[in-house]
Every structure is written in structure tokens, then in C-alpha cells.
């Protein structure tokens, strides 16, 4: 049976954007399937004690801005660290991704388009017309996917994904879970690559919890 990685993300996250293509490359390299699971970032923050960037001390806000530029340079990806439409409500964008998954489609190309819409192209990912255009560009029927994204059942899946991520000890996004072991942050993709290459058993926080 082929391995899978649970990929917890949200369209709002610049670090999810910056790690997306590198994650896809690692998954392809090892023949691993990615299960894309959009979450509510605020739900994870409430559990982990984190706060939104605007509520962080100025030194942390400045460092985040620096990191976005540094990681983009390292990954060879464009980024606008201060996009016009940010912060933005990512719920509809996240739920279009869920609707694609539920319909049996591969959402990864569309996810890349939505990330770039926000973090490169100055587009409002809360705008249905913007999302419809990117759905069509990836060959999907926006008149089917967008109504599906608005269904309460789809929102419930996002809430369930959030609970799953919390149960996996995801501190934030992106988070990648392999064999029950969580890798938090795009800067852990290389560790994930190593874990897949070595075939090592999953590490656990259980010894810490037993103390």
C-alpha cells in the first residue's frame, strides 16, 4: 500500500504557499500521495497559544517579514510579503479545495493557483469571481464546485480537518503528518524527505507525555 501524507494548510498561509511546490516534489520523488486538508488557522492558534501576525510583538512582525523574503529567495519563488488583500477570510477558498477533493479531483494545481493569487498577483481570494477563474483555468467546472463549497457539509469537513490537525499536534500550518508524526512548517520539508528516504520509524512525543 502506498504511503500518504496528510497535508494541513489554508489558502491564507504564506508559508503553506512557499512550501507547496517543494512538498509536491518530495511526494512525487517518493511516490507518496498527498491528502490535502484545509483547516481553520485560528482554530489551530487557539489550541497552540499562537496569535495572528498583527497581534504579535513588533520584533516578531519584523522577523516574519524578513523570513518571507528569505524563504521565497531560498525556494526560488516570487512573493509580495504585504499583499493588497491580506488579511482575508480564506474560508471559501479553502472550501473550494475541499469540494474538489470530495468530487475526486486532484486539487494541487488549483491550490498553487490560489496561493499565487494572494501572495503574488494581488487578487482577492474571498471573491467568488477570482476563485471561479482559477477553477476554470485548472479545467474544473466553477458552477459545480463553488455551490458545493458553500454547503454546510463542506464547512463541516474543514472543521473536522481542524480537529484532526489539533489531534496530530499541528502547531500551525503548513503541517505534514506521516505515519502519525507531525512536521510543522515548510522548513521541515527536508526532514520529511529524509524520513521518507530512510524509512525510519515515526518519532513520537509519547515519552514526554509519560513524564
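Here are the numbers for this structure:
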quantity: Theoretical ellipticity at 222 nm over the chain - DSSP helices of four or more residues, -39500 (n - 2.57) apiece, nearest 500; calculated: -17000 deg cm²/dmol
quantity: Span from the the stretch 91-121 Cα centroid across to the the stretch 168-204 one, whole angstrom; calculated: 22
quantity: DSSP beta bridge pairing in the stretch 4-210, given as percent antiparallel to the nearest 5; calculated: 55
quantity: Three-way shape call for the stretch 1-78 based on the alpha-carbon gyration tensor, with the a/c threshold at 1.5; calculated: oblate
quantity: Pairwise FRET efficiency - residue 45 versus residue 141, Cβ, R0 = 45 Å, nearest 0.05; calculated: 0.85
quantity: Footprinting exposure proxy for 96, 4 (fewest neighbouring C-beta atoms within 10 Å first); calculated: 4, 96
quantity: The chain: relative contact order in percent, alpha carbon pairs under 8 Å with at least 6 residues between; calculated: 30
quantity: Ranked list, fewest to most other Cβ atoms within 10 Å of each Cβ, for 125, 189; calculated: 189, 125
quantity: Chain lengthening between residue 179 and residue 21 when straightened (0.36 nm per residue, less Cα-Cα); calculated: 54.7 nm
quantity: Shape call, the stretch 117-177: gyration tensor on alpha carbons, a/c limit 1.5; calculated: oblate
quantity: Extended-chain gain in nm, criterion 0.36 nm per residue less alpha-carbon gap, residue 74 and residue 62; calculated: 2.5 nm
quantity: Alpha-carbon centroid distance for the pair the stretch 122-138 / the stretch 35-85, whole angstrom; calculated: 22
quantity: Ranked 193, 73, criterion: other C-beta atoms within 10 Å, fewest first; calculated: 73, 193
quantity: Spin-label model distance (nm) - residue 105 vs residue 121, 7 Å beyond Cα toward Cβ; calculated: 1.5
quantity: Among 78, 174, 58: highest mean-square fluctuation, GNM of the chain, C-alpha pairs under 10 Å; calculated: 58
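Values quoted throughout were computed directly from the atomic coordinates according to the rules given, and no laboratory measurement underlies them. Everything numeric in this text was worked out from a predicted model, so none of it was measured. Glycine also receives a Cβ, built like all others from the backbone with ideal geometry; neighbour counts cover every protein chain displayed.
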